[in-house]
Amino acid sequence: MTVTYEEALQRYEPVFGLETHVELGTTTKLFCGCPAVFGAEPNSRVCPVCLGLPGSLPAANRRAIEYTIKIGLALHCGIASWCRFARKNYFYPDMPKNFQISQYDEPLCTDGYLDVLVGGRTVRVGIERVHLEEDTGKSLHVGGATGRIHGAEYSLVDYNRAGIPLVEIVTKPVPGTGFGAPGVAKAYVTELRDLLRSLGVSDVRMEEGSLRCDVNTSLSVRGSGVWGTRTETKNVNSLRSVERAVRSEIERQAAVLDGGGRVIQETRHFHEDTGVTTSGRSKEEAQDYRYFPEPDLVPVAPPAEWVEEIRASLPELPSARRARLQAQWSLSGLEFEALHNAGAVGVVEETVLAGASPADARKWWLGELARRANDAGVDVSSLPITPQAVARVAALVASGTLNDRLAREVIDGVLDGEGTPDEVVAARGLAVVSDEGALTAAVDEAIAANPGVAARIRDGKTSAAGVLIGAVMKATRGKADAARVKALILERLT
Amino acid sequence: MAITRDEVAHLARLSRIALTDAELDHLAPQLDQIITAVAQVQEVAAEGIPPTSHATGLVNVYRDDEPRPCLTPADALSQAPAVEQQRFRVPRILAEE
């Protein structure tokens, strides 16, 4: 039995939540001095501490604690004045010591929120907790069909990643987003990624696994007010997949419920290629992990002065920056979101700083340049033209040296590597005809050649001037300032 | 009884220790006795005293984010029961679905 997304939403209200794991960009691992790097040769960034050899003793990386507090503050969380690491015991070989050092009932940061921009409005996503733990090693599964853990004959483990500081950010359940739930989930991860990048605490590369998501989804029968059983979908490692995973779980759970079945609380795996989830191992109960306070690490009790120092070091956060720029540029939420989605906020800001009006900057980056970027299949910000050059083109238009058509030719020249806008204007001879004598002559010629039109304008039909403007533009091969031409025509005929 | 035979069997499974029925019959009552003995501590614990996790009273012992030398891969793998492709080779993790 299959249920379409639209059918599912008629009967059920989705509730989702996200657990996001972020590798911190520290130089070294969380509890030892091994370099925390991606892509080194297997088992070359390991030591007795991260291999869990007898007699070794972990010591927490101060910068990892600082980064975690920084993330917590940026998410408006409270920072614990005293908390402990916890030992999570389990026997998968992705950790060499049979446990992972994590945090359990005493997370470093709790109870915050992140404002997410979606569809021109702001959705506030509650943050349950932010805690610090160590990442696990990486396993290669050998034998079996697809390199998956199921059906493998044996596994090969590389512990370079084991012990890299990992921050887990857990949202509160997000109800009430209805049809837009998958989009809100994606927008949350996008916003979180931008925030973490602006904080400089992680390189947040999803494709390299430095940002990974687990998505919890449940359905509530519309109007019942009762939340259903949730599933946890692992392995959701791109922004697009976040959206697809929520959507696919909504459809699957709706089909189960419609068929009279019940949703089982379980871990599911997301498959990038097909966009569907399949059942994974049934989760061990929390008590099976036998969490207890980590005896090898002393408690973390960040002094209030340190927390305030970190708070003072926070950069302007993306949501605050957005609000500031949106107000400065007098844009609506949707207009700003269009800039945001085009990845053009930064270049527009720089273009405005270089002297262009916000309206001009936006017009060029969202219009002509977005079209070129789209044709070339690149981000608008990576086009070979600087915001300063765009501001100069806008200034040349404003001063009447260029009209829009010539300005587009100048943009062509700059994109083709012919130099600055002024160099392109000089080399291609693109400036509008500013010689008043030549312009007047062309206007007089146009009037003489179109006596009927001229007569209509004399009778007050000034809208007919367009025909004459066109004739002048043709005569000057587009190099006339249309506004000036119109003024000259009206001067003569009215 | 503080711990049942079933709970011991469950713990053994989590710990990946294969116990025979005879071993379970033998070990479960012993474990129960041990836990009952240790539980006597609870009789003397006074109210209002928080459980102790650390005896030193220290907090905030940190390390600077400075790199230290690693082991060579050869040294790191020297105690592994099996090695393949410069990685630790471990037995099958999950059974067939």
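Quick rundown of the values:
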item	result
Residue A:235, sole failed condition from (1) modelled with pLDDT of 95 or more; (2) part of a strand (DSSP E or B)	(1)
Some residue of segment A:453-461 being modelled with pLDDT of 85 or more and under 27 Å from residue A:397 (Cα atoms)	no
Answer residue from segment A:298-338, given it is outside any loop (DSSP other than H, G, I, E, B) and among the acidic types (Asp, Glu) and is nearest to the other protein chains (Cβ to nearest Cβ) among those	A:305
Test for residue A:203: is it assigned to a helix (DSSP H, G or I), assigned by TED's automatic domain parsing to the domain that holds residue A:122, touching a residue at least 24 places away in the same chain (Cβ under 8 Å) and under 14 Å from the mean Cα position of the chain (by Cα)	no
Segment A:135-156, residues that are on the phi < 0 side of the Ramachandran plot and either modelled with pLDDT under 90 or small (Gly, Ala, Ser) (or both)	A:137, A:139, A:141, A:142, A:145, A:146, A:148, A:149, A:150, A:152, A:153, A:155
Residue check, residue A:482 within 27 Å of residue A:358 (Cα to Cα), among the small types (Gly, Ala, Ser) and under 45 Å from the mean Cα position of the chain (by Cα)	yes
Unique match (being of a type outside the set (Val, Ile, Thr), more than 22 Å from the chain's Cα centre (by Cα) and surrounded by fewer than 16 Cβ atoms within 10 Å (Cβ to Cβ)) among A:134, A:106, A:153	A:153
Selection within segment B:38-84 - more than 11 Å from chain A (Cβ to nearest Cβ) and exposed (fewer than 10 other Cβ atoms within 10 Å of the Cβ)	B:40, B:41, B:42, B:43, B:44, B:45, B:46, B:47, B:48, B:49, B:50, B:81
Test: residue in segment B:1-11 that is under 30 Å from residue A:299 (Cα atoms) and surrounded by 10 or more Cβ atoms within 10 Å (Cβ to Cβ)	yes
Extreme residue, farthest from the other protein chains (Cβ to nearest Cβ), among residues of segment A:45-68 that are surrounded by fewer than 24 Cβ atoms within 10 Å (Cβ to Cβ) and part of a helix (DSSP H, G or I)	A:66
Residue ID - nearest to the chain's Cα centre (by Cα), chosen from residues in segment A:89-103 that are in a loop (DSSP other than H, G, I, E, B) and of a type outside the set (Ser, Thr, Tyr)	A:103
Residues within segment A:151-180 that are facing another protein chain (nearest Cβ under 8 Å) and more than 23 Å from residue A:208 (Cα to Cα), tallied	4
Qualifying residue in segment A:70-88 (condition: away from chain B (no Cβ under 14 Å), outside any loop (DSSP other than H, G, I, E, B), surrounded by fewer than 21 Cβ atoms within 10 Å (Cβ to Cβ) and at positive phi)	no
Within segment A:188-224, tally of residues that are within 26 Å of residue A:27 (Cα to Cα) and small (Gly, Ala, Ser)	5
Condition broken by residue A:494, with the remaining ones in (1) of a type in the set (Val, Ile, Thr); (2) under 30 Å from residue A:376 (Cβ atoms); (3) modelled with pLDDT under 85 satisfied	(2)
Odd one out for residue A:167 among (1) surrounded by fewer than 19 Cβ atoms within 10 Å (Cβ to Cβ); (2) assigned to a strand (DSSP E or B)	(1)
Single match in A:117, A:132 (criterion: of a type outside the set (Ser, Thr, Tyr), at pLDDT below 95, in contact with a strand residue (DSSP E or B) (Cβ under 9 Å, 6 or more places away or on another chain) and not in a loop (DSSP other than H, G, I, E, B))	A:117
Pairs with Cβ under 7 Å, 6+ apart, first in segment B:8-26 and without any contact (Cβ under 8 Å) to a residue 24 or more places away in the chain and more than 10 Å from chain A (Cβ to nearest Cβ), second in a helix (DSSP H, G or I) and loosely packed, with under 12 Cβ neighbours inside 10 Å	none
Matching residues in segment A:364-405 - criterion: being within 16 Å of residue A:325 (Cβ to Cβ) and either surrounded by fewer than 21 Cβ atoms within 10 Å (Cβ to Cβ) or in contact (Cβ under 8 Å) with a residue 60 or more places away in the chain (or both)	A:366, A:381
Residue selected from segment A:1-44 under the condition crowded, with 17+ Cβ neighbours inside 10 Å and of a type in the set (Asp, Glu), by the criterion farthest from the other protein chains (Cβ to nearest Cβ)	A:13
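The values are calculated or read from the model by the stated rules, or taken from the named source; none is laboratory data. Computed from a predicted model, the values in this text were never measured in an experiment. No Cβ is skipped: glycine too gets one built from the backbone with ideal geometry, and neighbour counts run over all protein chains shown.
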